[in-house]
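Remarks on the structure that follows.
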Amino acid sequence: MLGVQLTELLDGMPAGVEEALDLVAGFDDALTHGFARLGEERGTALAALAGSVAATPLGERVREASGKVAAGSVSDEHLAALAGARTALFGAVHDALLARFDTALGRARAPWEEPPEAAAPAAENLLGGCRSWLLELAVTGWRGVDHDLVSAADQTVEALLAEPGLRRLAVLLDGLAAELRASSPVATMERLPVRRWADLWSRALLLARPGGLSGAVPSAETVSGRLLVLGADVHEHGTAVQVQVHGVLEPAGGEPPRLVRTAVTSAKVDTIVGPALWRLLGGHPVLLTALAERRALDVTDLPLLGGGDLVWHDDRARAGEPADPFTTARLLLGGALAPAVPPLERHPVRIAEPVLVEGYTATAGDDGATVTFDLGGGTLAVDVDRLPACGPLTPELVAASSACLGLVRWDGGRWTLQPLAVQATVKRKTVAAHTGDWALGPTDPKVVKAEAKAGDAVAVLRERAGRLLRR
């Protein structure tokens, strides 16, 4: 049945999506070359962006901002209006795509409830410093970024990190600055991550506005019950790793099941890769045990944010009885209530909806690096590039599978499926492989042998760090 529903999802794109993305691309092109050098074509792109929100409460402010910027008068207020229009367009695209997904699969979703307004951090001087740096980036354009411009943010970021209420903005700015520093001088780059940098710039500018951080603070409730894991999505960066666990929460008290996520994160260095990543998360043994042994979790008084994210506390959880994720998906996934999406999170790249797909025919490309699922009426691309090296899932297993638990995403103008677990036939036996199977250490003898030969990089680095601290 789900194959038919996904086929409906793949049949075309919601009206207006392509046009909205074209408007965003025009703005991003202007940001790439800098607002100090706007020509007629890029000035027209800003006017088109303003026209797209003319009938909204943003309309007058964005119209004025586009005109002022095109005339060479650039202020952080004008840029905030343009960033707001860009964010609103992406929000509209996100909502159209997610509504299409929910309609195709019959998934119920909770409405968004605006949280009580929180007190804004009293640090206008620091927020003003952020806006000043972001304005310099916009005026200069990505192509003009060099080490001096990037370094201008260092003092502001350091001051932001010292303020607990400003750390969300601090981490965002620090990440953007780090990417720009690694790419400087940007003028020598052949290709730029234009949309990504514009996303980070827009988000930072909106958060740095007076009251911007107060509106970004999510509301939370406290929940208890049984958490049934569907799968783990591993996000790996050169300096950090995050494991985001998708599951179904059966709340205590008999309330309907809810789709939730929880995540644990650790800093790392780029030499720690593969199964060694799990050792960085050793401070969460209950969660890792549930992943490796495919067990349910009994949770008590965990904060649940309005966007469906559980704030993980390992001491408030206990590994319970075995719970097969495929059985959980077959019995509960279809009727679980999906969470609402917070306003600033409404971006197409954020869409990652858990599904169970069965009854398909998997086909591997000639290069062995691409896999597609024929659903009997439509073809769904499988994003095997997202398979993490810290688990047993491989493109070969996905291509041999008959059932797949994964995340439906919208990426590059099309729907894709990111596998989190598969059931496949190997040597005439049905086997299941999950991304979290090696959370307590690899179980493949070949991988265990290779790990032993390479040594424990995490232990070595911790020992060296301890030695330095004792000096």
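Look at (1) assigned to a helix (DSSP H, G or I); (2) within 27 Å of Leu305 (Cα to Cα) and you find that Pro210 fails only one, number (1).
Entry remark, the stretch 63-78: residues being out of contact with any Leu (no Cβ under 6 Å at 6 or more places or on another chain) and either touching a residue at least 40 places away in the same chain (Cβ under 8 Å) or closer than 28 Å to Trp410 by Cα (or both) number 2 in total.
Every residue in the stretch 315-345 that is among the hydrophobic types (A, V, I, L, M, F, W, C) and part of a strand (DSSP E or B), please.
If we filter the stretch 315-345 for residues that are among the hydrophobic types (A, V, I, L, M, F, W, C), which is where we start, we get 317, 319, 323, 326, 329, 331-333, 336-338, 340-341, 344.
Across the stretch 315-345, the qualifying residues are Ala317, Ala319, Leu337, Ala338.
Among residues belonging to the stretch 51-108 that are in a loop (DSSP other than H, G, I, E, B) and among the polar types (S, T, N, Q), point out the one that is nearest to Ala340 (Cα to Cα). Full working, then the answer.
Taking the stretch 51-108 first, the residues in a loop (DSSP other than H, G, I, E, B) are 53-58, 71-75, 106-108.
Next, only the ones that are among the polar types (S, T, N, Q) stay: 56, 73, 75.
Numbers: Thr56: 22, Ser73: 39, Ser75: 34 Å.
So the residue we want is Thr56.
Filtering the stretch 166-181 for residues that are farther than 30 Å from Thr300 by Cβ and of a type in the set (Lys, Arg) leaves a non-empty set.
A single member of Val447, Val398 is in a helix (DSSP H, G or I) and modelled with pLDDT of 85 or more, and it is Val398. Specify which of the listed residues (Ser151, Ser132) is of a type in the set (Ser, Thr, Tyr) and touching an Asp or Glu at 6+ places or on another chain (Cβ under 9 Å). Of Ser151, Ser132, the one residue that is of a type in the set (Ser, Thr, Tyr) and touching an Asp or Glu at 6+ places or on another chain (Cβ under 9 Å) is Ser132.
Cβ-Cβ contacts under 8 Å between residues 6 or more apart (or on different chains), taken from a first residue in the stretch 432-450 that is loosely packed, with under 13 Cβ neighbours inside 10 Å to a second residue that is among the charged types (D, E, K, R) and modelled with pLDDT under 80, are absent.
For the stretch 335-372, taking the residues that are over 21 Å from the mean Cα position of the chain (by Cα) and farther than 22 Å from Ala399 by Cβ, the one that is surrounded by the most Cβ atoms within 10 Å (Cβ to Cβ) is identified as Ala336.
Here Glu114 meets the list (1) exposed (fewer than 13 other Cβ atoms within 10 Å of the Cβ); (2) closer than 28 Å to Trp410 by Cβ; (3) out of contact with any helix residue (DSSP H, G or I) (no Cβ under 9 Å at 6 or more places or on another chain) almost entirely, failing just condition (3). When restricted to residues that are part of a strand (DSSP E or B) and not acidic (Asp, Glu), the stretch 289-305 contains 9. So, in the stretch 48-60, exactly how many residues are in contact with a Gly (Cβ under 8 Å, 6 or more places away or on another chain) and either modelled with pLDDT under 90 or crowded, with 17+ Cβ neighbours inside 10 Å (or both)? Of the residues in that region, 4 qualify. Scanning the stretch 184-199 for residues that are over 14 Å from Leu137 (Cα atoms) and in a helix (DSSP H, G or I) yields Thr188, Arg195, Arg196.
The values are calculated or read from the model by the stated rules, or taken from the named source; none is laboratory data. Keep in mind the model is a prediction, meaning the values are calculated, not measured. Positions of Cβ are backbone-derived with ideal geometry, glycine not excepted, and every protein chain shown enters the neighbour counts.
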